[in-house]
Amino acid sequence: MAERRMTRLDQPKGVGPRLNLPVNEDMFGRYSERIARFFGTARYLILQTALVIVWIGLNVYLGSKHAFDKYPFILLNLAFSTQAAYAAPLILLAQGRQADRDRVSLEEDRAQNARAVADAEYLAREIAAIRIALGDVATRDFVRSELAKLTESSTSDDNA
């Protein structure tokens, strides 16, 4: 009896040569983002609504004999299905690229926040060191008060 090889079900079979097309993924990603952005605009919704109204109106006007897409409008439904089949992956690709940009931006924000915290801690230590150093230094107000005491005591000694 021939030995059966165990196949892993979590990995695809290596059936035949793969189709390796040279694709510029960055250009394709930018293109998909533009399409996804267009699908989310009022202009797109207005154009699509106008197209449906013209499509249905023209087919109703031409009648059952000359219409290119009769009443259940199967061709229109096919066009929308094809559009949805292409739009969904393009929108997902655009969302993935946006998520990558958001992740990079978040990492940069975290690094900048960490630098700001480190700078604030450094400045707090410097201010604490200055306060400690100033504790041993005579301030202007201290010198004035001591001079005032000396002048008062010298005038009181002269008057006595």
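Structure above, values below:
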quantity	calculated
Of residues in the stretch 64-123 being closer than 30 Å to S32 by Cα, in a helix (DSSP H, G or I) and among the aromatic types (F, W, Y), the one modelled with the lowest pLDDT	Y86
Those residues of the stretch 27-49 which are assigned to a helix (DSSP H, G or I) and of a type in the set (S, T, N, Q), in sequence order	S32, Q48, T49
Filtered residue count, the stretch 124-143, keeping only those that are exposed (fewer than 10 other Cβ atoms within 10 Å of the Cβ), assigned to a helix (DSSP H, G or I) and of a type in the set (V, I, T)	1
Single match in L106, L92 (criterion: more than 18 Å from G29 (Cα to Cα) and either loosely packed, with under 10 Cβ neighbours inside 10 Å or without any contact (Cβ under 8 Å) to a residue 24 or more places away in the chain (or both))	L106
Among residues of the stretch 1-28, those that are among the acidic types (D, E) and either modelled with pLDDT under 70 or in contact with a helix residue (DSSP H, G or I) (Cβ under 8 Å, 6 or more places away or on another chain) (or both), counted	1
Conditions (1) farther than 20 Å from A84 by Cα; (2) modelled with pLDDT under 85: number failed by G40	(1)
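The values are calculated or read from the model by the stated rules, or taken from the named source; none is laboratory data. Everything numeric here is computed off the predicted structure, so don't read it as measured data. Backbone-built Cβ (ideal geometry, glycine too); neighbour counts: all protein chains shown.
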